[in-house]
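Here the structure is laid out as structure tokens; the discussion comes afterwards.
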Amino acid sequence: MLKKKKYVVFRVENRKFALHLSNVDRVVRIVEVTPLSKAPKFILGTINFKGEFLPVINLRILFDLIGKEISLSDQLIIATISSKKVALWVDFVSGIIERDDNEIIKTDKILLNSEYVEGSIKFNDEIVIIHDLETFFEQNEKAIERVKIKKKVTSKT
């Protein structure tokens, strides 16, 4: 019996990407992002989400895409990995799709050195890249935690 997996599909620039639905808490409209000095380049800044300061990840940096200014139509995917929350800045979320394991093309068959990519799937005649947030967090956990700690300290003053 084939195991089905659900993914949240989103766009950044003209490309489609996906995350496991189990990692996504919710999708919200873009809000004001507070920039942080000395944060890693992939961290756009931080937001206050229901009293919790979350780092905003700039996926354009991670995916080597052209930068742009934040637009009012942009969205944030609030995601949790290993009990840590982040906000992922995306152009928009397309929806949720469900695929069998055998429909996923594993990364090693299509890409080399793609550390945050789990595989890809076909959706409406387009290739959707599935990202592995678990690996991203493992490799960048210290930088993300520094942002949370720094924001908590500066917000007390």
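Filtered by the rule that a residue be exposed (fewer than 14 other Cβ atoms within 10 Å of the Cβ) and of a type outside the set (Ser, Thr, Tyr), segment 32-46 gives Glu32, Pro35, Lys38, Lys41.
Looking at this structure, is Ser22 out of contact with any helix residue (DSSP H, G or I) (no Cβ under 6 Å at 6 or more places or on another chain), small (Gly, Ala, Ser) and not in a loop (DSSP other than H, G, I, E, B)? Taking the combined requirement at face value, the residue satisfies it. Sub-7 Å Cβ pairs linking a first residue in segment 85-107 that is modelled with pLDDT under 90 to a second residue that is among the small types (Gly, Ala, Ser), at least 6 apart or interchain, are Ile104/Gly119; Ile105/Gly119; Ile105/Ser120; Lys106/Gly119; Thr107/Ser114; Thr107/Gly119, ordered by first then second residue.
Applying the condition of being charged (D, E, K, R) and in contact with a helix residue (DSSP H, G or I) (Cβ under 8 Å, 6 or more places away or on another chain) to segment 5-19 and asking which residue is surrounded by the most Cβ atoms within 10 Å (Cβ to Cβ) yields Lys5. Scanning segment 58-82 for residues that are farther than 20 Å from Val24 by Cα, assigned to a loop (DSSP other than H, G, I, E, B) and not acidic (Asp, Glu) yields Leu65, Ile66, Gly67, Lys68, Ile70, Ser71, Leu72. Residues that are under 15 Å from Leu133 (Cβ atoms) and either of a type in the set (Asp, Glu) or in contact with a Phe, Trp or Tyr (Cβ under 7 Å, 6 or more places away or on another chain) (or both) do occur in segment 37-57, at least one of them.
Taking the criterion of being in a loop (DSSP other than H, G, I, E, B) and either in contact with a helix residue (DSSP H, G or I) (Cβ under 9 Å, 6 or more places away or on another chain) or under 26 Å from Ser94 (Cα atoms) (or both), the residues of segment 38-57 that qualify are Lys38, Ala39, Pro40, Lys41, Phe42, Lys50.
The values are calculated or read from the model by the stated rules, or taken from the named source; none is laboratory data. What you see is a predicted model; the values in this text were computed from it and never measured. Please note: Cβ atoms are built from the backbone with ideal geometry, for glycine as well, and neighbour counts cover all protein chains shown.
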